[in-house]
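The values are calculated or read from the model by the stated rules, or taken from the named source; none is laboratory data. The structure displayed is predicted, hence computed values, not measured ones. Note that each Cβ is placed from the backbone with ideal geometry, even for glycine, and that neighbours are counted across all protein chains shown.
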Amino acid sequence: MEYKIVFSDIDGTLLNKERELSPLTLEVIQKLQKEIPVVLISSRMPAAMRHLQEQLHIGHQPLICYNGGLIIADDEIISSTEIPLPILQEIELANRQVDCHVSLYHSDDWYAPEYDQWAQREENNTKVTPTVLSNREVLEKWKKESKGAHKVMCMGEAEKIDRISDHLFHNFGKQLHLYRSKDTYLEVANKEVSKLTAIKILLDRHFHLSLKEAVAFGDNYNDYEMLKAVGMGVAVGNAKPEILEIAREVTHHGKEDGVAKSIRKLFGMG
């Protein structure tokens, strides 16, 4: 099969142990992108992805952000799916009993309730600085602006995340995707979207390619549908067991240039 496009997750997949793009990854993707589109696909916000795009020389390509909740192509939003305000208000209310860190995201806006260890860690990981504003104040602001959230990130001790996760699952299991990326992290998105729904939109509207012509790289639960559906779903060696099980191929660890090494093999780059 001749593959004509590459989609890659970022965290746990594309970055090295310093959470940066390694020299080999830069070399391989900068070379590949001259012939084959390379699209970043992540739970990250756009501002946390653009600097990576620029380093890879793919700033002209679309971005799939927030696990498919926001798709940007040619500097225009072509798809946006938010978590509705009434659900956000319920999350804020429930968290008064749990007291974990709840960050709220919309497009390029990241609101953290305080600049604590969780906000500092995310800033270090993504190179983006949050605006400090309480959840209640953000929701009041968004009510006036008729906005919802592209993503909610709950961070805290595992026991607190267990509690908020159980509450959301029992009350909003049909409306929300709940991704437990770590014991201490819970990513929340609208259930109408996933990385796969976003890929389908881009392939159909922008690239005019089929799923079977696509290669995708990932490591975590939010990559499951994407890896299973594309022509070549590749898991990095550190992927979750469920992801390793459904991947067409397994490459090296994400921190050991797994994506770059797999690309060289798939596209005959030596």
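Going by the conditions given, is Leu196 without any contact (Cβ under 8 Å) to a residue 24 or more places away in the chain, closer than 25 Å to Leu176 by Cβ and among the aliphatic types (A, V, I, L, M)?
Values: without any contact (Cβ under 8 Å) to a residue 24 or more places away in the chain: no; closer than 25 Å to Leu176 by Cβ: yes; among the aliphatic types (A, V, I, L, M): yes.
No.
Can you find a residue that is assigned to a strand (DSSP E or B) and modelled with pLDDT of 95 or more anywhere in region 157-169? Scanning region 157-169 turns up no residue that is assigned to a strand (DSSP E or B) and modelled with pLDDT of 95 or more.
Just wondering, is there one or more residues in region 1-15 that are surrounded by fewer than 17 Cβ atoms within 10 Å (Cβ to Cβ), modelled with pLDDT under 95 and outside any strand (DSSP E or B)? Break it down into steps so the answer makes sense when it comes.
Residues of region 1-15 surrounded by fewer than 17 Cβ atoms within 10 Å (Cβ to Cβ): 1-2.
Next, from what is left, pick out any that are modelled with pLDDT under 95: 1-2.
Those still in the list that are outside any strand (DSSP E or B) too: 1-2.
Scanning region 1-15, I find at least one residue that is surrounded by fewer than 17 Cβ atoms within 10 Å (Cβ to Cβ), modelled with pLDDT under 95 and outside any strand (DSSP E or B), so the answer is yes.
Checking each residue in region 1-60 for being without any contact (Cβ under 8 Å) to a residue 40 or more places away in the chain and either among the hydroxyl-bearing types (Ser, Thr, Tyr) or at positive phi (or both) picks out Ser42, His57. Just so you know, in region 62-111 the residues that are in a strand (DSSP E or B) and charged (D, E, K, R) include one that is farthest from Ala189 (Cα to Cα), and it is Glu76. Checking each residue in region 199-239 for being of a type in the set (S, T, N, Q) and either part of a loop (DSSP other than H, G, I, E, B) or not assigned by TED's automatic domain parsing to the domain that holds Asn16 (or both) picks out Ser210, Asn220, Asn238. The number of residues in region 42-61 that are under 20 Å from Glu225 (Cα atoms) and either assigned to a strand (DSSP E or B) or small (Gly, Ala, Ser) (or both) comes to 2. Restricting attention to region 235-270, the residues being under 19 Å from Leu196 (Cα atoms) and in contact with a Lys or Arg (Cβ under 7 Å, 6 or more places away or on another chain) number 1. For region 122-156, a residue qualifies if it is of a type in the set (Lys, Arg), at pLDDT 95 or above and either in a helix (DSSP H, G or I) or within 24 Å of Leu15 (Cβ to Cβ) (or both), and the qualifying residues are Arg136, Lys141, Lys143, Lys144, Lys151.
Anything in region 125-155 that is within 21 Å of His51 (Cα to Cα) and in contact (Cβ under 8 Å) with a residue 60 or more places away in the chain? List them, or say none. Spell out the reasoning first.
To start, the set of residues in region 125-155 that are within 21 Å of His51 (Cα to Cα) comprises 125-131, 150-151.
Result: Asn125, Thr126, Lys127, Val128, His150, Lys151.
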